[in-house]
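Reviewing the structure listed below.
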Amino acid sequence: MKTSLEEAREQSHKDTVNVLQNIIEKNYDAEKGYKKAMQDAKTPALKNFLKEQAVQRSHFATAIDQELRQMGEKPKDSGSVTGTLHRAWIDIKSSVAGNDDEAVLEEVIRGEKASVDEYEDVMKNNTLAPNVNTLLQSQLRDIQGTLNRVKTLEDIQG
């Protein structure tokens, strides 16, 4: 029979794995979303920015992948159904909006705000190991920085 401490550790492990699996999936979604937005963007500067963000999200996913493997878990290797639907929605919106950069930026802002909310929610509502918390806080800061940059780009475009 397991002690309550062992049960608590197991539950904490499961909770952390679930959190990381969800976050890695969202990062795959974001990476694909940025690649899609890059195809829709018109200006070279915006295309380059979107490419940088796709690479950043790939790095985020890799870091989370490594964390899960260190925990003895098999990481998810693709995005979510919701992410696929979101990219399809970007296709529809950009075709209606004439593929203008402003529409692309609006979608990026919407996606990044959702990412910030997701990270903040996860860290507020879960007790995570210090190394996992540090990793997610670092990624959150980077996403918030991206969001600020996108808002600046939108002001320039607007």
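The values are calculated or read from the model by the stated rules, or taken from the named source; none is laboratory data. Keep in mind that what you see is a predicted model, and the values were worked out from it rather than measured. With ideal geometry, Cβ positions are generated from the backbone for all residues, glycine too; neighbour counts draw on all protein chains shown.
Which ranges mark the helices (runs of 4 or more DSSP H) fully within the range 63-158 that have 2 or more residues being surrounded by fewer than 17 Cβ atoms within 10 Å (Cβ to Cβ) and modelled with pLDDT of 90 or more? Break it down into steps so the answer makes sense when it comes.
Values: elements: 81-96, 101-125, 130-157.
The qualifying helices (runs of 4 or more DSSP H) are 101-125, 130-157.
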Inset, instruction - Considering (1) under 19 Å from Pro130 (Cα atoms); (2) surrounded by 14 or more Cβ atoms within 10 Å (Cβ to Cβ); (3) modelled with pLDDT under 90, say which one Leu46 fails and leave the rest. - result: (1)
Inset, instruction - Take Gln11 and decide whether it is modelled with pLDDT of 90 or more and either among the polar types (S, T, N, Q) or more than 25 Å from Leu153 (Cβ to Cβ) (or both). - result: no
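Could you say whether any residue in the range 2-13 is outside any helix (DSSP H, G or I), surrounded by fewer than 14 Cβ atoms within 10 Å (Cβ to Cβ) and without any contact (Cβ under 8 Å) to a residue 60 or more places away in the chain?
Yes.
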